[in-house]
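See below for the structure under consideration.
The values are calculated or read from the model by the stated rules, or taken from the named source; none is laboratory data. Computed from a prediction, not measured in an experiment: that's the story for all the values here. Glycine gets a Cβ as well: all are built from the backbone with ideal geometry, and neighbour counts include every protein chain shown. These accessible areas exclude ligands, DNA and RNA; they are computed on the full protein's heavy atoms, side chains included. Shrake-Rupley method; radii C 1.70, N 1.55, O 1.52, S 1.80 Å.
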Amino acid sequence: QAAKKAGYEGIGLRAETYADALNEGLKDSDILAILEKYDMKVTEVEYIVQWAEEHRSYEQKYKEQICFHMCQLFGVRHINCGLMENYSVEYTAQKLRELCQRAGKYIIGVEPMPYSGIPDMKKGWAVVKAADCENAYQVVMASGCENAMIILDSWHWVRADQPYDILTKEIAKKVVSIQINDAYERPYAAPVLRDESMHDRLAPGTGAKDTAGFVRMVREAGVSPLAVGVEVISDAILAKGVEKAAAYTYENTVKVLKEAWPELLNGEK
């Protein structure tokens, strides 16, 4: 309701959020009815983790299946995935291939995060390229779905100190979605950088890190995102209330998109 009132077209859902809804007694039909009531869509499903572990817990295996179910339920084509553990490119690519096989028709969007085992686009691209899921799963490709792709988040991009001229057109073809936000000039210390990510991000265009420049980079490289998410994880902003937080982030996102990619606001790519 708050997202719709602010102007958003959709929301993202974590597997944990979906499980909480079921625990409150809601059924899939109830959740779909709520979305229909407010004319909203679920546009992102997340978050598969620990997928490179040799011995995965049943919790993680089940969470993965829940993400697949959510994609089917809400008509979402891709799943956001992260990897905190640090492994070689070759090993990570093999585990990514296995995840893609389990995912079937759904796209696995690998999200580089500076405090993770895939800290930047360089390794993310190397892993996705080495996984070579296009060639490994011709059945998937026949349906027009590229199995292994990349998710780019502007906060993670700037905190990894990446310049805006390294996103090539080749890599851009493998970017499934983007997430935008902003950051302070000075980051938290490296050991607690994840705390900043989880508690102290800024709305697009309100910080020191040129969100519009990130969006222009994505547009000029030729990215055609399935979703443009606004991921402003902020204790301070949320403390003002859900409605005010949604309105504030939407208002500032629109300002950035009007400057850097106005076609998106008109439903164009």
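Among 196, 24, 16, the largest mean-square fluctuation in a Gaussian network model of the chain, built with springs joining Cα atoms closer than 10 Å, belongs to 24.
Amide H to amide H distances under 5 Å link residue 206 with no residue, where only residues 5 or more positions off or on other chains count and H is placed in the peptide plane. Ignoring lysines fewer than eight residues from residue 123 along the same chain, the ones with Cα atoms less than 26 angstrom from its Cα are 61, 63, 95, 105, 169, 173, 174, 209.
For the chain, a Gaussian network of Cα nodes joined below 10 Å ranks 116, 57, 234 by mean-square fluctuation, and the top entry is 57. Comparing 27, 123, 95 in a Gaussian network model of the chain (Cα springs below 10 Å), the most mobile by mean-square fluctuation is 27.
Sorting 6-12, 159-165 by their mean Cβ neighbour count within 10 Å, with the most densely packed peptide first, gives 6-12, 159-165.
Per residue, the solvent-accessible area of the chain (1.4 Å probe, heavy atoms of protein chains only, all protein chains present) comes to 50 Å².
Summing charges over neighbours of residue 250, with a neighbour being any other residue whose Cβ is under 12 Å away from its Cβ, gives +1 when K and R count +1 and D and E count -1.
The candidates 63, 129, arranged from most to least accessible area with a 1.4 Å probe in the full protein assembly, appear as 129, 63.
From the Kirkwood radius over Cα pairs of segment 1-112, Stokes-Einstein at 20 °C and 1.002 mPa s returns a whole-number translational diffusion coefficient of 142 µm²/s. When the P(r) of the chain is calculated, the portion above 29 Å amounts to 30% of the C-alpha pairs.
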